[in-house]
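Derivation of every value follows stated rules applied to the coordinates shown; laboratory data play no part. Values in this document were obtained by computation on a predicted structure and should not be read as measured data. Using ideal geometry, Cβ is built from the backbone for each residue, glycine included, and neighbour counts are taken over all protein chains shown.
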Amino acid sequence: MRKMTQAEQDKIWKDVQKEFPNDEMMQEIHFIRQVHYLQTKDLSMEERLRFLESSKNQETLC
């Protein structure tokens, strides 16, 4: 799993705010979805499942 840079996080926020301008909940959901995708896109299915399982009790993985 790779760490996200602040610049990457800022770009994702900007994109989701543009996509969902009046819906904070959807912004949050899609922000985390994009972060998780970028963090796990190079992992095997088994590694990805372990990552998602371990993230259940964490507030953020950025």
Charge dipole (debye, nearest 20) of the chain; +1 at Cβ of Lys and Arg, -1 at Cβ of Asp and Glu: 200
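If the viscosity is 1.567 mPa s and the temperature 4 °C, what Stokes-Einstein diffusion coefficient in µm²/s follows for the chain when Rh is the Kirkwood radius over Cα pairs? Please report the intermediate quantities before stating the final value.
On the way: Rh = 12.3 Å.
Answer, rounded: 105 µm²/s.
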task: Mark the label point 7 Å from the Cα of Leu43 along Cα→Cβ and return the residues of the range 1-25 whose backbone N is within less than 17 Å of it.
output: 1-5
task: Pop out the ³J(HN,Hα) list for the range 13-18 in order, Karplus 6.51 cos²θ - 1.76 cosθ + 1.60 with θ = phi - 60°, rounded to Hz; leave Gly and Pro as x.
output: 4, 4, 5, 6, 5, 5
query: Which of the lysines could a cross-linker span from Lys41 if the Cα-Cα distance has to be under 23 Å and same-chain partners fewer than 8 positions apart are dropped?
result: Lys3, Lys11, Lys14, Lys56
